[in-house]
Every structure is written in C-alpha cells, then in structure tokens.
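Chemist: The structure follows.
The values are calculated or read from the model by the stated rules, or taken from the named source; none is laboratory data. If you're wondering where the values come from, they're calculated on a predicted model, not measured in any experiment. All Cβ positions, glycine included, derive from the backbone under ideal geometry; neighbour counts span all protein chains shown. For accessibility, only protein heavy atoms count, side chains too; no ligands or nucleic acids. Shrake-Rupley method; radii C 1.70, N 1.55, O 1.52, S 1.80 Å.
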Amino acid sequence: MSEPSPSVVMVEDEKQIRRFVRAALEGEGCRVFEAENGKQGLIEAATRKPELVILDLGLPDLDGVEFIRDLRTWSTVPILILSARSTENDKIIALDAGADDYLTKPFGVGELLARVRALLRRQGKGNEANPLVTFGDVEVDLANRVVRRHGEVIRLTQIEYRLLGLLLASPGKVLTHRYLLREVWGPTFIESNHYLRIYVGHLRHKLEVDPAQPKHILTETGVGYRFQA
Amino acid sequence: MRGNGLGKIFTPMGHPNRGYLWVLLACAVTTAIAAPLAQYLDLANIVMLFLLTVLLMAARFGRGPAVLAAFVSVALFDFFFVPPQLSFTVNDAQYLVTFSVMLAVALVTGQLTAGLRQQAEMASLKEQQTRALYEMARELAGALTSQQVSEIVQRFLQMEFDLDAVLLLPDENGNLQPIFVVPEGLRVEQQFALIAFEQGQPVEDYTLTGYGYGAGYFPLKAPVSVRGVLVFVPNSQNTQAVREHKPLLATLASLVAIAVERLHYAEVAQSTQLQVVSERLRSSILSALSHDLRTPLTALVGLADSLALSRPPLHAEALDMAEAIREQALRLSGLVGNLLDMARLHAGRIALRKEWQPLEEVIGASIQLLGRALVNHQIQVTLAKDMPLLEFDAVLIERVFCNLLENAAKYAPAGSLIEISGSLNGESVEVSVCDQGQGFPPDKLSALFEMFARGVPESATPGVGLGLAICRAIIEAHGGLIAATNRAAGGACVTFSLPMGTPPRIELELDLENRSSA
C-alpha cells in the first residue's frame with residue numbers, strides 16, 4: 001500500500017518498553033513519537049496529529065484517565081491503553097472515558113501489532129461504512145437489515161440486531177457493558193447486566209460455530225465485549 | 001441532709017415544729033399589741049388584727065401552723081377581749097356568731113394562702129430542676145466517653161436529688177458491667193438490672209427499706225435499642241426519693257440513653273473508617289507491587305519478541321533462545337499473578353462483584369484468554385441444556401477456569417482431549433474440568449488444594465502449586481465446594497459446585513423479526 005506512513009504517539013514512562021514498542025511499530029512502517037509523561041504526551045498529540053495514541057495508564061505525572069478526558073475534548077484519535085493494573089475497574093473507567101482498546105502487561109509484540117493494526121484500519125476507513133460485513137460464515141447486509149449464514153437468512157430480534165449493529169460498527173474496540181446497555185436498552189437498564197449477557201448468548205448461538213468458544217463476539221471478562229471479524 | 005432537697009422547701013425553718021412555736025408567739029404578740037388599743041377600737045377591728053396574723057402565719061409556715069393560728073386567735077380573742085374579759089364565758093350570745101365567722105374566715109384564708117405559697121415553691125423548684133436537667137443534657141452532648149457520661153449523671157443527681165447513680169453497660173459478652181466500681185454500701189442487684197435491660201421497663205425495689213435500698217433500675221431506651229441500665233440509689237434514709245421523682249428520672253434516663261447511643265455510633269464509625277483506610281492501603285500496596293513487577297516483565301517479553309523479529313533474522317539457535325526468554329518471562333509473570341492473587345484472596349474479606357450470567361460465557365472467555373497455551377489440546381464444552389444463569393464474580397471464576405485448564409494442558413499429553421462439563425445437581429450446579437493425563441497421585445487428592453502443594457514434587461513441569469489453592473479460595477468465597485478425583489478411564493478431574501440461587505426474572509422481547517416491513 002502506498003499510503004503515507006501513519007504516525008503514532010506513545011506515552012510511556014518505562015524506557016525499555018518504549019524501545020521495543022518503537023521497534024515493533026517502525027517495523028510496521030509507522031512513525032513513532034515518544035513522550036515520557038502525560039504533559040509531554042498531550043503536547044506531542046497536539047503537534048504531531050497522530051493516527052494513534054498508545055498510553056500507559058500508570059503515568060508519573062498525570063492520571064491516565066485524566067489524559068484521556070483531556071485528549072477527548074479536542075481529538076477523536078484512537079487510544080490504545082497499556083495497563084499493569086490488575087483490576088477491571090480501571091480499564092472500564094479508561095474505556096468509558098474514551099479509550100478504544102487496552103492491552104494488559106505483559107504483552108507480546110504480536111498482540112500489540114494486532115491491536116494497532118485493527119485501530120489504524122478503523123481510523124483509515126473513516127466514515128465510508130461498508131454496507132456488507134462478513135465474518136466467519138456470516139454475512140450482514142446493513143443496508144437491508146438482513147443477516148445470512150451459509151447463505152440462509154437468520155432471524156434476529158430487534159434487540160439482537162441492534163446489539164449486533166453496535167458491535168459491527170466498532171470492530172476491535174472494547175465496548176463496555178455500560179455502553180452497550182445504554183445504547184440498546186436505554187439509560188434505565190444500566191444495572192441490568194444479565195440482559196446484555198443473555199442477548200449476547202443468543203447472538204452467539206445464532207452466529208458462532210461453537211457458542212462456548214466464540215471466535216467473533218469475544219468476551220472481555222468484567223469489562224465488556226469486542227467484535228472481531 | 002447533704003443537699004437542698006425537696007423536703008427543705010416544705011419545712012423552711014428547718015424543723016417542722018418550729019412553725020407552731022412561731023404561731024403561738026405571733027398570736028401572743030398580737031394580743032399584747034391589741035390589748036392597749038382595746039379601749040379605742042371596736043371589737044370587730046381587733047378581729048381583723050387576728051385575721052391578719054393568721055394570714056401571715058399561713059404565708060410563712062403553711063397549712064398546719066395556719067390552722068393552729070386560727071384556733072389560738074379565736075381563743076385569745078375570746079379570753080382577752082370579749083366581755084367578760086379574762087374568761088372564756090360569753091355574756092352576749094351574738095359573739096358566738098363572731099367566733100364562728102372569725103374561725104371560718106381564718107381557716108379558709110389560711111388554707112388558700114398556704115396553697116398558693118406551696119404552688120409557687122413547687123414552680124420555682126421545677127424550674128430549678130429543669131434548668132439543672134438542661135445543663136446536664138448540654139454536658140452529656142459533649143461527653144466523649146461513657147465514663148464522662150457516668151460522672152455527669154452522678155454529679156447532677158447528688159446536687160439536685162441527693163441520689164447516687166450507677167451506669168451499667170453491656171460488655172462484649174452482653175453482661176451488664178458498671179462503668180465505675182460501685183461504691184461501698186450501694187446495693188445494685190444484677191438480677192433487677194438484667195430484668196430492666198431485657199424488658200425495657202423500669203424495675204423498683206421500694207418494698208425494701210434501709211440505707212442503700214429503694215433503688216430504681218431504669219433501662220436506657222435509645223431510638224435503636226436498649227443500651228444499658230441506669231440505677232438510681234437514694235443516698236439518705238429517704239428510700240422513697242426515687243419514687244417521688246420518677247417522671248424526671250425517666251427523662252434523665254432517656255437523655256443518658258441518647259448520649260450512650262451517640263457514643264456507640266461514634267465508635268462504630270471510627271472503627272469502620274480505620275478498616276477502610278487499612279483496606280485501601282493494602283490494595284494500593286498490592287497494585288503498586290503488581291505494577292512494579294509487571295513493568296520489567298513487559299520489557300522482557302517485548303524485547304525478546306523484538307529480538308525474534310529483528311532483521312536480518314537471527315540464526316535458529318538465537319531465535320530459540322529469544323523464544324525461551326519470552327516463555328520464561330511469561331511464566332514468571334504467571335507466578336507473580338498467582339502470588340498477588342493469593343495475597344489478595346487471603347488479605348481478608350474478598351469483595352465479590354457478583355452478577356447473574358451464563359456459565360458458557362466465562363468458559364469461552366477463559367479459553368480465549370489462555371490462547372496459545374491450549375493450542376496442543378482439543379477442548380470440548382458440554383453444558384446442560386437448561387443451565388440457569390448463575391450469580392458469580394466473572395473475573396474470579398474465569399481465574400478458576402484458567403488455572404484448571406492450564407493445569408490440564410500442562411499435565412495431559414499433547415493432542416488429548418480436555419472436557420469441560422456442567423450439570424444441575426439439586427440446589428447447585430456442578431462443573432468439572434477433566435483431562436486424559438496420568439491423573440493426580442491417589443494419596444494426595446485432598447492435599448492438592450493446600451498452598452504450595454504439588455502433585456509431583458520437584459517434577460520438571462513448572463509451577464509452585466498455588467493454582468488450586470486459589471481456585472479453592474475463590475469457589476469457597478462463592479459458597480461452593482471443590483474436589484479432585486481421578487477418572488476410572490485415566491485422567492484427572494477437578495469438580496466444583498456453585499449454588500444456584502434464584503435468578504432474576506427476565507422479560508424477553510416478543511420474537512419480532514428485526515426487518516421493518518419495507
């Protein structure tokens with residue numbers, strides 16, 4: 001592809017991590033700008049206009065969530081979180097604040113690149129939504145609201161379809177329980193996690209080969225769901 | 001008498017008989033003054049002087065002396081002033097009317113005056129007591145310990161009522177204990193105190209008389225519960241003192257009850273805050289530790305990956321080494337994770353984030369999370385068709401599945417089948433993870449879930465034996481049981497149960513097809 005090389009701003013205080021992430025990203029043809037702390041990171045993000053921001057949640061000077069909120073006031077650039085914190089709550093807060101995805105430390109170069117590619121691809125596509133999405137043996141015709149599996153029409157309920165639509169709209173992005181409940185059922189259902197879980201189960205039974213080992217509608221335990229084509 | 005108690009008000013001159021002497025003296029003086037005036041004044045006006053005396057005596061000394069004054073005045077008037085003088089005989093029968101009217105007027109005015117006087121005295125006494133009670137309530141509001149409460153109450157009662165008080169509060173075992181050592185001579189009956197405490201009604205022992213008797217046991221009824229017992233013991237011989245002031249003492253007891261309850265809740269709030277602070281400290285230490293250990297491990301894994309991907313490519317042996325570094329770093333990370341989890345699970349109460357959810361989902365998530373560790377094995381999930389939603393902490397149960405699957409993958413030969421099955425069993429759901437490996441050593445089946453226990457000590461397969469201990473801690477926190485068995489056909493099985501509970505009602509939408517009828 002002859003696209004201009006995408007630029008990435010990486011905010012991470014640990015030098016050795018910056019080093020290998022930079023090596024991995026440059027291997028992918030990205031231009032990488034490093035920042036050691038949150039303030040510098042915000043400046044880099046403002047001046048470089050990157051296609052992606054990689055952010056360590058545990059910064060020395062600024063809470064990662066503050067960084068995200070600040071950045072989100074003026075930019076929609078995808079944000080990939082690196083987190084060594086072990087509680088799911090931190091991730092949920094970061095995602096609800098506007099982060100797109102997260103990686104839990106330690107992570108390998110392979111996982112990192114997979115996430116980066118997914119986020120850059122989504123960024124590149126912009127608004128030209130493809131009316132036809134395919135994954136596995138399923139084909140979703142968004143324009144006509146038809147779902148086919150092996151060429152046969154699959155009947156989905158209104159709620160199932162709305163849920164599927166949300167997942168398909170953000171491939172690779174982790175959508176929190178809270179977000180999905182609010183978007184599908186409305187704000188009064190935000191505490192009704194079991195509804196969401198049941199409907200995701202229905203979707204898996206209708207669309208996945210083995211619902212107990214899903215390949216496309218993935219669970220991020222304690223956080224939310226992610227669609228992967 | 002030590003205090004200026006009520007009794008004093010009714011006998012203002014100290015001894016009650018003193019009043020009668022004063023009456024006799026006053027009547028004598030009136031006679032002496034009136035005698036020389038008799039030749040200038042009508043007898044009717046002499047009567048007025050005597051009536052004035054009766055009125056003054058009534059105002060000064062109360063009812064009894066007033067009656068005496070009335071009779072003595074009539075007698076003196078008859079003897080000294082009504083002709084024939086110096087004799088009780090009366091010449092003119094109309095003086096009998098004078099005597100009757102004089103006596104009647106003297107008695108009535110005397111009684112009225114004495115009554116008014118008594119009411120005024122009662123009112124001022126009440127006012128004084130109310131002010132004292134108010135002062136005490138204000139002091140109670142500032143009390144910081146139950147000792148202070150007890151002191152304040154004792155001081156007040158001795159000043160105002162000449163009573164002693166003992167404050168009894170329940171200790172940790174529910175036994176009523178006095179806040180201070182009960183003074184010598186005061187008889188506080190535990191039995192009575194207990195009855196008052198349990199029934200929430202005052203108990204009195206007025207039937208017994210003598211010093212130290214006549215005590216009243218008042219329960220401290222606070223808004224939430226009975227907080228203890230306040231015992232009032234008369235200081236003097238007046239064993240009726242408690243009975244006389246019962247309404248006021250009941251008010252006092254309720255003030256003390258509120259003070260004691262306030263202290264109780266202040267204590268509870270303080271200890272809760274301490275607990276929260278220590279909990280927060282513990283969790284921040286664990287998360288700092290987790291961060292500090294994971295950061296270098298991340299660098300290690302990432303740099304090993306970078307080595308493997310570097311261009312021009314390394315030769316085969318170096319690639320192998322880079323891969324080995326990566327594997328070891330990940331293993332170390334797993335151990336660190338286990339240790340931190342164990343610390344967290346053992347640190348006290350586990351805060352479960354329970355939600356109703358299908359088991360299927362958490363199994364899928366675990367398989368997905370382990371990813372590469374399971375590539376050499378086939379996994380089969382069989383769940384009962386009517387499996388209900390279960391209430392559990394998804395992150396922790398995922399941990400259980402990960403540990404069990406990881407074990408199975410570690411000990412069972414490559415290419416073999418790992419089976420996960422779930423079935424209903426009465427009030428609970430039973431889940432097992434079984435492999436086709438060698439199974440557990442039969443003599444160690446029960447010891448497996450101990451910390452640092454390993455099936456085969458010093459075996460070449462890595463691990464320190466925390467995995468199953470973590471599983472047990474998590475399952476037990478959910479109210480379930482976990483056990484290990486060996487299958488007859490060979491292979492290890494770990495089975496755990498989770499209580500079924502009552503899942504929330506779900507209202508499914510009508511099965512309308514999503515397509516709008518275009």
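Chemist: Let a ≥ b ≥ c be the square roots of the eigenvalues of the Cα gyration tensor of chain A; is it rounded (a/c under 1.5), or, if not, prolate (a/b larger than b/c) or oblate? Before the final figure, lay out the partial values.
Modeler: Working: a/c = 2.06, a/b = 1.60, b/c = 1.29.
Because a/c hits 1.5 or more and a/b exceeds b/c, chain A counts as prolate.
Chemist: Quick one: which residues, 5+ away or cross-chain, put their amide H under 5 Å from the amide H of B:Leu383? H built at 1.01 Å from N.
Modeler: HN-HN under 5 Å from B:Leu383: B:Gly422.
Chemist: What is the calculated FRET efficiency for B:Gln378 to B:Arg331, with r their C-beta to C-beta distance and R₀ = 25 Å, to the nearest 0.05?
Modeler: 0.60
Chemist: Could you work out how far apart the two model spin labels at A:Thr188 and B:Arg282 are, taking each label as a point 7 Å from the Cα in the direction of the beta carbon, and quote it in nm?
Modeler: 4.0
Chemist: Tell me, how many Å apart are the Cα centres for the stretch B:45-85 and for the stretch B:319-347?
Modeler: The stretch B:45-85 and the stretch B:319-347 have Cα centres separated by 112 Å.
Chemist: Can you give the alpha-carbon Rg of the stretch B:273-319 over 2.2 N^0.38 Å, where N counts its residues?
Modeler: 2.03
Chemist: Give me the distance between the Cα centres of the stretch B:214-286 and the stretch A:92-113, rounded to whole Å.
Modeler: So the separation of the two Cα centres works out to 55 Å.
Chemist: Still on this structure, I have one more. Go through the stretch B:493-499 residue by residue and turn each phi into a ³J(HN,Hα) via Karplus (6.51, -1.76, 1.60, θ = phi - 60°); whole Hz please, and just put x for glycine and proline.
Modeler: Residue by residue, the stretch B:493-499 yields 9, 10, 10, 10, 10, 10, x Hz.
Chemist: Over 15 Å, how big is the tail of the calculated P(r) for the stretch A:59-117, in percent of all Cα pairs?
Modeler: When all Cα pairs of the stretch A:59-117 are counted, 50 percent exceed 15 Å.
Chemist: Using amide H atoms built 1.01 Å from N in the peptide plane, name the residues 5+ places from A:Ala84, or on other chains, whose amide H lies under 5 Å from its own.
Modeler: The list, which skips near neighbours in sequence, is A:Leu57, A:Gly58, A:Lys105.
Chemist: How large, in Å, is the stretch B:270-377 by the Kirkwood hydrodynamic radius built from its alpha-carbon pairs?
Modeler: Computed over Cα pairs of the stretch B:270-377, the Kirkwood hydrodynamic radius comes out at 17.3 Å.
Chemist: Oh, and also: Per residue of A:12-22, what is the mean number of Cβ atoms on other protein chains within 10 angstrom of that residue's Cβ? Numbers along the way, then the final one.
Modeler: Numbers: counts 2, 1, 4, 1, 7, 7, 2, 4, 11, 4, 1.
Across the residues of A:12-22, the mean count of other-chain Cβ atoms within 10 Å is 4.
Chemist: Turning to a different aspect of this structure: I'm a student and want to see the number: the projected area of the Cα convex hull of the stretch B:124-177, averaged over all directions, in nm².
Modeler: On the way: hull surface 16.6 nm².
For the stretch B:124-177, averaging the hull's shadow over all directions gives 4.2 nm².
Chemist: Taking 0.36 nm per intervening residue step and subtracting the Cα-Cα distance, what contour gain separates B:Leu417 from B:Leu112 on full extension?
Modeler: Going from the current span to full extension adds 98.9 nm.
Chemist: Moving to a separate point now. Check the cysteines of chain B one by one and keep only those with no other cysteine Cβ under 4.7 Å from their own.
Modeler: Result for chain B is B:Cys27, B:Cys402, B:Cys471, no neighbouring Cys Cβ within the cutoff.
Chemist: Just flag the chymotrypsin sites (Phe, Trp or Tyr not before Pro) in the stretch A:23-119 sitting in loop per DSSP whose Cβ has no more than 13 other Cβ atoms within 10 Å. Before the final figure, lay out each step's value.
Modeler: Details: sites: A:Phe33, A:Phe67, A:Trp74, A:Tyr102, A:Phe107; in loops: A:Trp74, A:Phe107.
The qualifying sites are A:Trp74.
Chemist: When the Kirkwood radius is taken over all Cα pairs of chain B, what Stokes-Einstein diffusion coefficient follows at 4 °C and 1.567 mPa s, in µm²/s?
Modeler: 39
Chemist: Next question. Are there any trypsin sites (Lys or Arg not before Pro) in the stretch B:359-439 that are in a DSSP loop and have at most 10 other Cβ atoms within 10 Å? List them by number.
Modeler: Sparse-neighbourhood loop trypsin sites (Lys or Arg not before Pro): B:Lys385.
Chemist: For the residue pair B:Leu133 and B:Asn45, what label-to-label distance in nm results when each label sits 7 Å from Cα along the Cα-to-beta-carbon direction?
Modeler: It is 5.3 nm.
Chemist: Which length gain, in nm to one decimal place, applies between B:Ala318 and B:Asp292 when the Cα-Cα distance is subtracted from 0.36 nm times their residue separation?
Modeler: 6.5 nm
Chemist: Something else now. What accessible surface, in Å², does a 1.4 Å probe find on B:Arg227, ignoring ligands, DNA and RNA and rounding to the nearest 10?
Modeler: Number for this one is 30 Å².
Chemist: As a test of the definition: which semi-axes, in Å, follow for the stretch B:216-326 when you take the square root of five times each eigenvalue of its alpha carbon gyration tensor? Largest first, please.
Modeler: Taking √(5λ) for each eigenvalue gives 79, 9, 8 Å, largest first.
Chemist: Next question, about the same structure. Quick one: accessible surface of B:Arg280, probe radius 1.4 Å, all protein chains present, in square angstrom to the nearest 10.
Modeler: 150
Chemist: Using the Cα atoms of the stretch B:355-442, I'd like the radius of gyration and the largest Cα-Cα distance, Dmax, both in angstrom.
Modeler: 13.2, 37
Chemist: Along each principal axis of its Cα atoms, how long is the stretch A:1-107 end to end? Whole angstroms, biggest number first, please.
Modeler: Cα extents, longest axis first: 40, 30, 24 Å.
Chemist: Give a quick list of GluC sites (Glu not before Pro) in the stretch A:145-229 that DSSP marks as loop, anything other than H, G, I, E or B, with at most 12 other Cβ atoms within 10 Å.
Modeler: Here the sparse-neighbourhood loop sites are A:Glu191.
Chemist: For A:Arg69 and B:Asp171, what does the FRET efficiency come to when R0 = 56 Å and r is the distance between their Cβ atoms, rounded to the nearest 0.05?
Modeler: Once the sixth-power term is evaluated, E becomes 0.60.
Chemist: From the backbone phi of the stretch A:181-191, what are the Karplus-calculated ³J(HN,Hα) couplings (6.51 cos²θ - 1.76 cosθ + 1.60, θ = phi - 60°) in whole Hz, Gly and Pro given as x?
Modeler: Whole-Hz 3J(HN,Hα) from phi for the stretch A:181-191: 4, 5, 6, 8, 9, x, x, 6, 9, 4, 8.
Chemist: Hey, another quick one. Taking a threshold of 21 Å on the Cα-Cα distance, which of the pairs B:Lys126/B:Lys246; A:Lys15/A:Lys49; A:Lys15/A:Lys39; A:Lys173/B:Lys385; A:Lys15/A:Lys105; A:Lys215/B:Lys354 fall above it?
Modeler: A:Lys15/A:Lys49; A:Lys173/B:Lys385; A:Lys215/B:Lys354
Chemist: Treating the angle as unsigned and between 0 and 90°, give the value, to the nearest 10°, between the Cα long axis of helix B:94-141 and the longest Cα principal axis of chain B.
Modeler: Taking the Cα atoms of chain B, the angle to B:94-141 is about 20 degrees.
Chemist: While we're on this one: Rounded to whole Å and sorted largest first, list the principal axis extents of the Cα atoms in the protein assembly as shown.
Modeler: Here the spans come out as 154, 64, 56 Å, largest first.
Chemist: If you don't mind, another one. Rounding to the nearest 10 and keeping the result within 0 to 90°, find how far the Cα-based axis of helix B:146-160 lies from the longest principal axis of chain B.
Modeler: 10
Chemist: Further question on the same structure: Residues in the stretch B:72-95, backbone N under 17 Å from the label point at B:Ala35 (7 Å along the Cα-to-beta-carbon vector): list them, ranges by number please.
Modeler: Answer for this model: B:73-88.
Chemist: I've got another one for you. Give me the distance in nm between label points sitting 7 Å out from Cα along the Cα-to-Cβ direction at B:Gln94 and B:Lys385, one decimal.
Modeler: With each label point 7 Å from Cα toward Cβ, the separation is 12.7 nm.
Chemist: Treating the Cα atoms of the stretch A:98-197 as identical point scatterers in vacuum, please give the log10 of the normalised Debye intensity I(q)/I(0) at q = 0.14, 0.19 Å⁻¹, two decimals.
Modeler: One equal scatterer on each Cα of the stretch A:98-197 leads to -0.70, -1.11.
Chemist: Follow-up. Top mean-square fluctuation among A:Ile81, A:Ile68, A:Ile17, Gaussian network model of chain A, C-alpha springs under 10 Å?
Modeler: Highest fluctuation among the options: A:Ile17.
Chemist: Using only Cα atoms, find the angle between the long axis of helix A:38-48 and the longest principal axis of chain A, and express it within 0 to 90 degrees, rounded to the nearest 10.
Modeler: Long axis of A:38-48 versus the principal axis of chain A: about 80 degrees.
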